[in-house]
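Working notes for the structure below.
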Amino acid sequence: MSAASTPPALILASSSRYRRELLARLRLPFSAVSPDIDETPRPGEAPADLALRLSVEKAQAVAAGHPGAVVIGSDQVATVDGQPLGKPGNFERAVEQLSRLSGREVQFHSALAVTDGVRLERADIVTYCRFRHLTRAAIEAYLHAEQPYDTAGSAKAESLGIALMENMRSDDPTAIIGLPLIALTGMLLSFDLDPLQRPGAPA
């Protein structure tokens, strides 16, 4: 992209404040639009396929109403033994979920899609999180401190939830929070959006 050219508008197809905060790290101007799609899983749909499909549908739904814009869609599904983990919603279910995950590995599928309404890029970035062996006291102390009831797996790894982990493996450290910025940067470059050559920056 030359210094004189005008970059396309960038839109995040999400109402998540976590994803907005992550995208802001790239220092590209963007707006956020909540996509209106049905997120119900299809019969027999694998969790990873669900995350990827929803990320694509979110991006395409918003792109349809914003011609010429580059739209980012993302979705995350946590799984253990191939089964999806939902958001606990309250303290009691979070205790049950973390008790089940104690000493076990959880896979977080952070799917990503970028489209300009014509071309589509997509990827599934997987983060492997092994939980420590957790006592009931440790679980309750964590939940009272952070109240992660809107988070699949009942743990916010970007904050105190990291203390629940024995180890984590991923190609992208931001994927676990919900928006894989390394993969996203590569996709945005293919749409002439470079975080290091943003408007006003030296060419």
In whole Hz and in residue order, list the ³J(HN,Hα) couplings for the range 136-149 that follow from phi through the Karplus curve 6.51 cos²θ - 1.76 cosθ + 1.60, θ = phi - 60°; x for Gly and Pro.
4, 4, 5, 4, 5, 4, 5, 5, 5, 6, 10, 6, x, 6
Segments 93-104, 133-144 sorted - mean Cβ within 10 Å per residue, highest first:
93-104, 133-144
With the 1.4 Å probe rolled over protein heavy atoms, the range 23-131 has an accessible area per residue in Å² of 48
How high is the relative contact order of the range 49-142, given as a whole-number percent (alpha carbon pairs under 8 Å, six or more residues apart)?
32
Multiplying the sequence separation of S31 and Y128 by 0.36 nm and subtracting their Cα-Cα distance, what value in nm do you get?
31.9 nm
Taking 7 Å along the Cα-to-C-beta vector as the label spot, tell me the D49-R169 distance in nanometres, rounded to one decimal.
2.6
Distance from the range 130-203 to the range 29-77 (C-alpha centre basis), Å:
19
Order by protection proxy (mean Cβ within 10 Å, highest first), peptides 60-73, 77-90
60-73, 77-90
Theoretical gain in end-to-end length, L196 to Y18 [0.36 nm per residue, Cα-Cα removed]
61.9 nm
Accessible-area composition of the range 1-90, carbon plus sulfur, in percent [1.4 Å probe]
50
Which of [x] 1.09; [y] 0.96; [z] 1.01 is the computed Cα Rg over 2.2 N^0.38 Å? It is [x]
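The values are calculated or read from the model by the stated rules, or taken from the named source; none is laboratory data. Computed from a predicted model, the values in this text were never measured in an experiment. Cβ coordinates were reconstructed from backbone atoms using ideal geometry, including for glycine residues, and neighbour counts include every protein chain displayed. All accessible areas refer to the heavy atoms of the entire protein, side chains included, with ligands and DNA or RNA removed. Shrake-Rupley method; radii C 1.70, N 1.55, O 1.52, S 1.80 Å.
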